[in-house]
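Q: Below is the structure I would like to discuss, written out as structure tokens.
The values are calculated or read from the model by the stated rules, or taken from the named source; none is laboratory data. Treat the numbers as computed from the prediction; the structure is a model and nothing was measured. No Cβ is skipped: glycine too gets one built from the backbone with ideal geometry, and neighbour counts run over all protein chains shown.
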Amino acid sequence: MASNFNEKTRVQVPAVVHLCRLGYQFLSLKQANWDIATNIFTDIFKQAVAKINPNSTALEIEQELRDLSISLKNEDLGKAFYQRLVQTGGVRLIDFDNIENNQFHVVQELTCGDKEGDNFRPDITLLINGLPLVFLEVKRPNNPKGLIAEAERMEYRCQKAAFRPYLNATQLMIFLIIRNILNLILIKLKGRFMPR
């Protein structure tokens with residue numbers, strides 16, 4: 001009988017299950033709708049932002065989405081996007097006061113870049129209100145060099161303008177080896193834009 005133990009079954013799926021236990025809702029990419037240029041899940045974004053901004057019109061929320069998409073192309077290491085993310089005036093993107101008003105989703109293997117050309121697919125992407133803010137690369141315990149290689153590939157990606165919209169939205173990049181869900185090995189990488 002062939003073994004089905006691979007990186008996906010040993011670490012990726014258990015990590016997703018754990019995130020679901022923490023309150024994230026699993027979202028199948030087969031049934032989802034998102035902007036491939038930014039990986040913003042537009043339907044979720046509009047619904048969630050409307051909920052936390054009941055006095056905002058659909059047109060204002062649509063304009064906010066357009067402005068966000070433009071800011072993700074900036075050569076500012078995500079500074080404009082971050083400032084917009086934490087802004088408290090105007091249309092709020094995340095409800096930091098009542099966290100339960102936000103929508104939390106987890107997706108697997110979300111393509112960043114051209115599907116047919118140069119791209120990468122983080123193992124796990126976390127969405128808050130449809131915004132792809134966190135991605136995780138998880139590796140098997142017997143593959144510690146795989147994590148180093150992944151970090152080196154990410155350093156290369158950070159230099160490519162084609163990946164700018166995806167990386168500017170990313171607030172956390174997590175690279176980890178999972179021995180079990182309670183025993184994690186983390187590797188610290190250089191940060192992108194960090195507020196003072």
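Q: Could you list, in sequence order, the residues of segment 50-70 that are in contact (Cβ under 8 Å) with a residue 12 or more places away in the chain and not in a loop (DSSP other than H, G, I, E, B)?
A: Correct list: K51, I52, A58, E60, I61, E62, E64, L65, D67, L68, S69.
Q: Further question on the same structure: Inside segment 23-50, can you point out the residues that are farther than 19 Å from N119 by Cα and of a type in the set (K, R)?
A: Result: K46, single match.
Q: List, please: which pairs have Cβ atoms under 9 Å, are six or more places apart or on different chains, and start with a residue in segment 77-89 that is modelled with pLDDT under 90 and end with one that is surrounded by 20 or more Cβ atoms within 10 Å (Cβ to Cβ) and small (G, A, S)?
A: From segment 77-89, the pairs are G78/S71; G78/A169.
Q: Pull out all pairs, ordered by first then second residue, where Cβ-Cβ is under 7 Å, the residues are six or more apart or on different chains, the first lies in segment 21-37 and is surrounded by 11 or more Cβ atoms within 10 Å (Cβ to Cβ), and the second is of a type in the set (A, V, I, L, M) and in a helix (DSSP H, G or I).
A: F26/V16
Q: Test of understanding: among S71, S56, which residue is of a type outside the set (F, W, Y) and either loosely packed, with under 15 Cβ neighbours inside 10 Å or under 15 Å from P165 (Cβ atoms) (or both)?
A: After ruling out the rest, the residue left standing is S71.
Q: For the structure I just gave you, tell me whether V11 is among the aliphatic types (A, V, I, L, M), under 16 Å from the mean Cα position of the chain (by Cα) and under 26 Å from E155 (Cβ atoms).
A: In short, no.
Q: Would you confirm whether any residue within segment 22-32 is touching a Cys at 6+ places or on another chain (Cβ under 7 Å), over 19 Å from A162 (Cβ atoms) and either part of a helix (DSSP H, G or I) or not basic (K, R) (or both)?
A: Scanning segment 22-32 turns up at least one residue that is touching a Cys at 6+ places or on another chain (Cβ under 7 Å), over 19 Å from A162 (Cβ atoms) and either part of a helix (DSSP H, G or I) or not basic (K, R) (or both).
Q: Return yes or no: is V49 buried (at least 18 other Cβ atoms within 10 Å of the Cβ) and in contact with a Phe, Trp or Tyr (Cβ under 8 Å, 6 or more places away or on another chain)?
A: no
Q: May I pose another question? List the pairs whose first member sits in segment 139-168 and is of a type in the set (S, T, Y), whose second member is modelled with pLDDT of 80 or more, and whose Cβ atoms are under 7 Å apart, counting only residues at least 6 apart or on separate chains?
A: Y166/N39; Y166/C112
Q: Right, another one. Is it the case that F41 is within 20 Å of N102 (Cα to Cα), within 15 Å of the chain's Cα centre (by Cα) and exposed (fewer than 13 other Cβ atoms within 10 Å of the Cβ)?
A: Criteria not met by F41.
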